[in-house]
Structure formats: structure tokens, C-alpha cells
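Notes follow once the structure below has been shown.
The values are calculated or read from the model by the stated rules, or taken from the named source; none is laboratory data. Predicted, not measured: the structure shown is a model, and the values here were computed from it. Every residue, glycine among them, receives a Cβ derived from its backbone with ideal geometry; neighbour counts consider all protein chains shown.
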Amino acid sequence: MAALGAPPGPAGYPILGVFPRARRDPLGFFTECVRRHGDVVAMRLGPHRAVLLRHPDHVKHVLQDKASAYEKGPTAARVRPLFGGSLTVVDGDPWRHRRRQIAPAFHPGHHADFAPVVSCAVAELLDRWRLRAEPVELVSEMRRLTQTIIIRACFGDVSVQEIEMLGPALDSVAAQVERRLWSPVGWLAVPGTGGAHGHRGLMQLEAFISRRIAEARRAGSPSGTLLSSLLHDFPADSLGEAELHEELKAFLFAGHTTTASSLAWTWHVLSQHPDALDQIVSECEALGGRTPLLEDLPALGHTRRVIEEVLRLYPPTWLTARAPLSDDTLDGYVIPAGGLILLSPYLTHRHPAIWEHPERFDPDRFGPACAAGRHAFAYFPFGGGPRRCIGSGFAIVEMQMIVATVVQRCRLVVLPEARVVPIAGLTLRPGPALPARVLRR
């Protein structure tokens with residue numbers, strides 16, 4: 001074991017300690033860090049001493065083996081407009097209690113309630129596309145689709161018109177938080193136009209959620225919704241009014257941003273790998289033209305493997321952070337209390353000692369034979385350990401149903417002038433745009 005000390009890494013800048021390149025090109029910056037310095041890299045980001053960890057053993061140490069010794073810490077402040085005091089950001093005993101309160105709403109038994117919501121939203125999307133002759137922009141289209149799904153999964157029958165009002169509000173709040181993520185003064189409340197838009201959007205969302213909760217308490221909430229489950233599954237240990245509000249707000253954001261990014265990447269990757277697309281088409285043809293149902297998903301194995309490989313290459317939550325509650329040691333290095341631990345699925349999913357030809361798209365990596373002996377934390381697009389994303393099962397069902405249904409009905413041809421690069425913000429999304437023509441099959 002190496003002598004105790006500080007991990008190697010680039011020195012921080014004085015005063016703010018923010019790397020210009022880390023703000024301009026975070027993926028490139030962190031990739032260069034691990035290439036030059038290895039699996040444990042020290043740096044300064046803003047006021048924080050940070051340690052970037054890449055190896056699956058290190059990820060397991062933080063997320064599972066010593067999960068109770070690490071907290072979400074100061075990073076939670078930057079996403080608080082999105083997630084408030086919800087399960088996503090709380091720590092310790094409050095987190096454990098909240099998880100027990102919320103877990104029943106995400107039991108796999110509720111997938112049967114969720115799947116028809118997905119099917120209806122995709123049908124509306126395809127009807128809208130059928131009437132359009134001009135290209136569609138797939139990043140924004142997937143965002144609108146997943147917003148529709150999560151809003152109705154939470155609250156039941158919400159009209160298209162109301163969703164069209166809520167969508168821009170969700171976008172403006174997410175954009176405000178994204179601007180703060182890599183700002184050297186992101187922890188300060190700096191006024192500006194973007195902040196004003198974000199504040200108005202947040203007020204719209206807060207009012208909508210409050211109204212829906214009040215209606216559910218007065219007249220009953222639609223059965224099969226997340227709101228209904230949270231209100232009625234365990235009435236003896238139900239959420240308080242403020243807690244319920246915060247969790248629903250968090251569901252609206254976490255339940256659409258990551259899935260939308262992953263779906264956009266899926267269409268981009270399939271446009272580059274027509275053989276993989278043909279295999280999905282063949283799987284779907286076996287359904288005889290019937291829209292995929294929940295019970296069909298186990299037979300759509302290649303579709304799922306494509307999605308899993310897209311999540312490996314382009315994990316939407318590409319960076320996550322923890323803070324040690326007290327000094328810890330890792331591979332002989334001291335991890336000081338109050339520091340910032342950075343974990344990046346994007347980097348771990350490309351670790352050359354774990355993944356052969358890591359930049360290559362290969363869905364067969366997720367076949368039973370290849371996956372059997374792989375390190376449990378070599379792949380963690382939904383996090384890991386006790387804080388693994390509570391909605392991960394819903395997300396996989398949603399993506400598999402959307403991809404299979406769209407592929408059945410149409411062919412998306414990404415325009416040749418599209419020059420897509422990863423945009424590392426609140427999620428890892430393809431940008432600046434992904435224009436495509438929609439051709440009927």
C-alpha cells in the first residue's frame with residue numbers, strides 16, 4: 001500500500017480554484033486528468049478540495065461499502081431549485097426514513113400502471129410527427145415526450161395544453177441550475193435574466209403541484225399515479241404536505257431529464273449503426289405490428305442491450321459527488337473530511353482495464369455471458385449502493401417501450417449536417433442539436 005498522503009493531480013488556481021477548461025470542457029478535462037494521473041486524482045474546484053475517483057473498486061467503496069460515511073454535501077445546494085429537500089439530496093436518517101416512505105410507489109408492481117401512460121404519450125408523439133413534413137429536432141422532442149410521461153405518471157390525466165405550459169417552465173428552471181453548475185460563483189445568488197426566467201418557471205411548477213395535491217385531497221387522486229401511491233399506500237407513515245410537494249417536484253425533473261438525454265443518444269447511435277437498428281426492427285416485427293406492451297419487453301432483448309450500451313457510453317448522470325463526514329483512506333491516500341469526492345460513470349464506463357475497446361459501440365457487452373463476471377460497479381448509470389436511483393426500473397421500461405414503438409412505426413434519419421458532440425451539463429446530452437427526418441415504415 002502506498003504511503004499515506006495526497007493523491008496526485010493538477011494544482012488548483014488561487015482564490016476561486018476553478019479550472020477554466022473544467023468549465024469550458026468538463027468531459028475533456030476530467031478525461032485528461034485520469035489519463036495523466038491515474039484512478040485517484042486530486043484538484044481544487046471552487047472552494048473545495050476535490051478527489052476524482054475512476055476505478056470500480058473506488059466507486060464501490062464510496063457508494064456501497066462506506067455509504068453511510070459519505071453525504072451529498074455541498075453539491076446539493078446547486079440543484080436545490082430542482083430537488084428542494086427531497087430524497088435526492090437529503091442524507092442520513094432523514095434519507096433512510098424518506099426512502100421507506102417513497103419506495104412503495106416505485107415497486108415493479110406499478111409498472112403495469114406506468115406502461116399505458118408511456119404508450120399513450122408515444123402515440124400522441126407519432127401522430128404529431130405524421131402531420132409534419134419538415135425535420136424534427138430529437139433532443140427537444142424527447143424532452144417533451146418524457147415530460148408528458150412523467151407529468152401524467154405523477155398526476156394522471158393532464159391535458160396536452162397544460163403540458164405545453166409546464167414544459168417551458170421545467171426547461172427554464174433546469175437551465176438556471178445548469179448555468180450554476182460550473183460557475184465559479186454558482187453558490188451565490190447572482191441576479192440576472194436567466195434567474196428571472198427560472199424563478200417564474202419555478203413559481204408555475206409550484207402552483208401546479210400545489211393545485212394537484214389539493215384536488216387529490218379533496219376529490220381523490222387518480223388510481224395508479226405516483227401521487228395516489230404516495231398518499232394512500234402507507235397512510236400511517238405518509239409524507240407531510242411540504243415533503244409530498246418536494247418529492248413530486250423532484251420526480252418531475254429527475255423523471256424526464258435523464259431519460260430524454262438517453263433517448264436522444266439512442267437515436268444518434270442507431271443512426272450510426274444501422275445493423276443494430278435492423279435487429280431492433282426484426283425483434284419488433286415478431287409482435288405482428290402490435291404496439292409493444294409491458295409483457296413483451298422480455299422478448300425485446302436486443303432493444304434493451306442497445307439501451308444499456310448507450311447508457312454505458314453516454315450516462316445521463318455523468319458526474320456525481322459525495323463528501324466524507326470524516327477522514328477516510330483509499331488505496332493509501334487520505335481523503336479529508338469536508339473534501340469533495342467526484343465519481344464519473346462516463347469515465348468508469350471507459351476504464352481500459354475493465355472494458356475492451358471502451359469507445360466502441362457493442363450491445364453484446366450486455367449479453368448474459370459477457371455481463372456475468374463484470375465488476376458490479378464497472379457500470380452504474382443509475383448510481384449504486386443504497387442510493388441507487390429509485391426510478392431506474394421505470395426508466396428502463398420507459399426507454400424500451402419508446403424505442404420499440406417508434407422503430408415499429410417510423411424511421412428516423414438524422415440529417416447529415418448534424419455535428420453532434422456531448423454537452424456535459426445537468427445531464428450528458430447530444431448537442432447542439434439532433435435534426436432528423438421522420439419517414440413512415
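Mind telling me which of the residues 123, 105 ends up being over 28 Å from residue 243 (Cα atoms) and among the hydrophobic types (A, V, I, L, M, F, W, C)?
Working: 105 fails: over 28 Å from residue 243 (Cα atoms).
Among 123, 105, only 123 is over 28 Å from residue 243 (Cα atoms) and among the hydrophobic types (A, V, I, L, M, F, W, C).
Kindly establish whether residue 131 is free of Cβ contacts under 8 Å to residues at least 24 places away in the same chain, closer than 30 Å to residue 433 by Cα and among the hydrophobic types (A, V, I, L, M, F, W, C). Show your work before the answer.
Details: free of Cβ contacts under 8 Å to residues at least 24 places away in the same chain: yes; closer than 30 Å to residue 433 by Cα: yes; among the hydrophobic types (A, V, I, L, M, F, W, C): yes.
Considered against the rule, which asks whether it is free of Cβ contacts under 8 Å to residues at least 24 places away in the same chain, closer than 30 Å to residue 433 by Cα and among the hydrophobic types (A, V, I, L, M, F, W, C), residue 131 comes out as yes.
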| message | within 25 Å of the chain's Cα centre (by Cα), buried (at least 21 other Cβ atoms within 10 Å of the Cβ), within 27 Å of residue 420 (Cβ to Cβ) and basic (Lys, Arg): is that true of residue 322 in this structure? | response | no
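So, in segment 154-179, how many residues would count as being part of a helix (DSSP H, G or I), among the small types (Gly, Ala, Ser) and more than 17 Å from the chain's Cα centre (by Cα)? Break it down into steps so the answer makes sense when it comes.
Here is the first cut: in segment 154-179, the ones part of a helix (DSSP H, G or I) are 154-155, 160-179.
Next cut, among the small types (Gly, Ala, Ser) only: 167, 169, 172, 174-175.
Now narrow it down to the ones that are more than 17 Å from the chain's Cα centre (by Cα): 167, 169, 172.
Result for segment 154-179: 3.
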| said: For segment 213-252: of the residues being among the charged types (D, E, K, R) and in contact (Cβ under 8 Å) with a residue 12 or more places away in the chain, which is surrounded by the fewest Cβ atoms within 10 Å (Cβ to Cβ)? | reply: 237
| task | Scan segment 421-435 residue by residue and report those that are crowded, with 20+ Cβ neighbours inside 10 Å and among the aliphatic types (A, V, I, L, M). | result | 424, 426, 428, 434
| query | Do we have any residue at all in segment 87-97 that's outside any helix (DSSP H, G or I), over 18 Å from the mean Cα position of the chain (by Cα) and of a type outside the set (A, V, I, L, M)? | reply | yes
| Qualifying positions in segment 326-363 - buried (at least 16 other Cβ atoms within 10 Å of the Cβ), more than 16 Å from residue 60 (Cβ to Cβ) and of a type in the set (Gly, Ala, Ser) | 339
| Take the residues of segment 117-130 that are closer than 18 Å to residue 163 by Cβ and more than 22 Å from the chain's Cα centre (by Cα): which is surrounded by the fewest Cβ atoms within 10 Å (Cβ to Cβ)? | 127
| field | Members of segment 391-419 found to be buried (at least 19 other Cβ atoms within 10 Å of the Cβ) and part of a loop (DSSP other than H, G, I, E, B), listed by number | value | 391
| For residue 340: the one exception among (1) of a type outside the set (Ser, Thr, Tyr); (2) touching a strand residue (DSSP E or B) at 6+ places or on another chain (Cβ under 6 Å); (3) within 16 Å of residue 31 (Cβ to Cβ) | (3)
| field | Residue list for segment 66-117, restricted to those being in contact with a helix residue (DSSP H, G or I) (Cβ under 7 Å, 6 or more places away or on another chain), at pLDDT below 90 and small (Gly, Ala, Ser) | value | 84, 85
| said: For segment 245-265, check the following and say yes or no: at least one residue is assigned to a loop (DSSP other than H, G, I, E, B) and modelled with pLDDT of 95 or more. | reply: no
| query | Taking the stated definitions as given, is residue 143 basic (Lys, Arg), in a helix (DSSP H, G or I) and modelled with pLDDT of 95 or more? | reply | yes
| query | Of the residues that sit in segment 226-244 and are touching a Leu at 6+ places or on another chain (Cβ under 9 Å) and part of a loop (DSSP other than H, G, I, E, B), which one is farthest from residue 170 (Cα to Cα)? | reply | 238
| remark: Screening 192, 201 for residues that are surrounded by 14 or more Cβ atoms within 10 Å (Cβ to Cβ), more than 19 Å from residue 118 (Cβ to Cβ) and either in contact with a Phe, Trp or Tyr (Cβ under 7 Å, 6 or more places away or on another chain) or at pLDDT below 95 (or both) leaves only 201
